[in-house]
Amino acid sequence: MTVNTWQPAAPLALSSALLEQLLAVLPKQELTDLKNQVTGSDIAPFIALMKSGGQAWEIAEILADEDIKRLIIFLTLAEQQLTGWEAGKLSPVIDLVRILKQREAFHPELRKWIKANTDNRYLPNGPVL
């Protein structure tokens, strides 16, 4: 009997093209129930994005505020509703919120929505230290 070692998936190299691909597969209507709104095969290639926090998400600064908000909503719901999308303190939502804050485009309504739709204690601001 042989024992294989598990190797975690390497984080995807984030690019503007990759972000555009993700935005393209997201439905245009309001996201609420991802299991019924997105096809697993369409979003599966993006699961590695959940663990590529930090500077990797600086590329998202080229996106419009509305696209960043769509990503925040999708990634918040994905972590909550889809198996394997858990990210904890590495959640890209933290980095995307940071971009909106720098632009002064992060509003209390979005903060309340994130808090109401996640059990990730690090969202939306990240770890304290």
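All of the numbers you see were taken from the coordinates with simple rules; none came from a lab. Computed from a prediction, not measured in an experiment: that's the story for all the values here. Methodologically, a virtual Cβ is constructed for each residue, glycine included, from the backbone with ideal geometry; neighbour enumeration extends over all protein chains shown.
Specify the residue that is surrounded by the most Cβ atoms within 10 Å (Cβ to Cβ); the eligible residues are those in the stretch 46-56 that are farther than 14 Å from L123 by Cβ and in contact (Cβ under 8 Å) with a residue 12 or more places away in the chain. Spell out the reasoning first.
Step one: list which residues in the stretch 46-56 are farther than 14 Å from L123 by Cβ, which gives 46-49, 51-52, 54-56.
Those still in the list that are in contact (Cβ under 8 Å) with a residue 12 or more places away in the chain too: 46-49, 51-52, 54, 56.
Numbers: F46: 18, I47: 17, A48: 15, L49: 23, K51: 19, S52: 18, G54: 12, A56: 17.
The extreme case among them is L49.
Just checking, how many residues over the stretch 99-116 are under 22 Å from Q55 (Cβ atoms) and either surrounded by fewer than 17 Cβ atoms within 10 Å (Cβ to Cβ) or within 9 Å of the chain's Cα centre (by Cα) (or both)?
Narrowing the stretch 99-116 to residues under 22 Å from Q55 (Cβ atoms): 99-106, 114.
Filter once more, keeping what is either surrounded by fewer than 17 Cβ atoms within 10 Å (Cβ to Cβ) or within 9 Å of the chain's Cα centre (by Cα) (or both): 101-105.
Result for the stretch 99-116: 5.
How many of the residues in the stretch 62-97 are over 16 Å from N117 (Cα atoms) and either in contact (Cβ under 8 Å) with a residue 40 or more places away in the chain or touching a strand residue (DSSP E or B) at 6+ places or on another chain (Cβ under 6 Å) (or both)?
6
Any residue in the stretch 74-89 that is over 18 Å from L22 (Cα atoms), touching a helix residue (DSSP H, G or I) at 6+ places or on another chain (Cβ under 6 Å) and either not in a helix (DSSP H, G or I) or not aromatic (F, W, Y) (or both)?
Within the stretch 74-89, not a single residue is over 18 Å from L22 (Cα atoms), touching a helix residue (DSSP H, G or I) at 6+ places or on another chain (Cβ under 6 Å) and either not in a helix (DSSP H, G or I) or not aromatic (F, W, Y) (or both).
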